[in-house]
1. When a/c reaches 1.5 or more, the comparison of a/b and b/c decides; with that in mind, is region 15-84 rounded, prolate or oblate per its Cα gyration tensor?
2. Using alpha-carbon pairs under 8 Å, 6+ residues apart, how would you state the relative contact order of the chain in percent?
3. Pick out, from Leu7, Tyr65, Val35, the residue whose Cα sits farthest towards the positive end of the charge dipole of the chain, with +1 on the Cβ of Lys and Arg and -1 on the Cβ of Asp and Glu.
4. Separation between the Arg52 and Val31 pseudo-spin-labels, each 7 Å from Cα along Cα→Cβ, expressed in nm?
5. In what sequence, highest mean first, do 20-28, 72-80 appear when ranked by Cβ atoms within 10 angstrom?
6. Using a 10 Å cut-off on Cβ atoms, rank the peptides 48-57, 33-42 from the highest mean neighbour count down.
7. Show that you can apply the helix-only estimate: for the chain, add -39,500 (n - 2.57) for every DSSP H stretch of four or more residues, divide by all residues, and state [θ] at 222 nm to the nearest 500.
8. With a Förster radius of 30 Å, plug the Cβ-Cβ distance of Asp21 and Leu82 into 1/(1 + (r/R0)^6) and report the FRET value to the nearest 0.05.
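Bear in mind that the values in this text are calculations on the coordinates, not laboratory data. Note that the structure is predicted; figures quoted are calculated from it, not measured. Cβ placement follows ideal geometry from the backbone for every residue including glycine, while neighbour counts extend to all protein chains displayed.
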Amino acid sequence: MNAQDALPSSEDISALREEIDWLDAEILRLVKRRVEVSQTIGKARMAAGGTRIVYNREMDVLARYRELGPEGRQLAMALLNLGRGRLGR
Ligand SMILES: C=C(O[C@@H]1C=C(C(=O)O)C=C[C@H]1O)C(=O)O
């Protein structure tokens with residue numbers, strides 16, 4: 001395979017950009033759903049007199065993203081913080 005074979009054409013790049021746009025829309029949809037689910041659980045636990053945070057569950061979430069390195073940690077922390085929403089302020 002020569003270098004040209006490996007390079008995407010301008011048509012390929014257009015298609016790849018469409019894929020990125022679609023992926024971003026899906027990621028946003030999933031993040032919003034995650035926030036919703038996390039807040040539902042958090043509100044129920046607090047209404048029952050429980051804690052706002054469950055550290056062992058949060059450690060599991062951090063571990064899931066560890067393969068992405070420091071950015072994975074930032075991403076996991078952002079997801080956890082989004083789930084806290086107003087509850088966490
Ligand atoms: C969603 C929960 O509540 C909190 C939010 C978590 C999350 O967003 O992943 C994890 C643990 C808890 O601190 C839960 O207890 O599972």
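1. On the way: a/c = 4.04, a/b = 1.67, b/c = 2.42.
Oblate is the answer for region 15-84, as a/c is 1.5 or above yet b/c matches or exceeds a/b.
2. Once normalised by length, the contact order is 30 percent.
3. Value computed over the given set: Val35.
4. Computed distance between label sites Arg52 and Val31 equals 2.2 nm.
5. Numbers: 20-28: 9.9, 72-80: 15.2.
Ranked by mean Cβ neighbours within 10 Å, highest first: 72-80, 20-28.
6. The packing order, highest mean first, is 33-42, 48-57.
7. -25000 deg cm²/dmol
8. Values: r = 22 Å, r/R0 = 0.72.
In this case the efficiency is close to 0.90.
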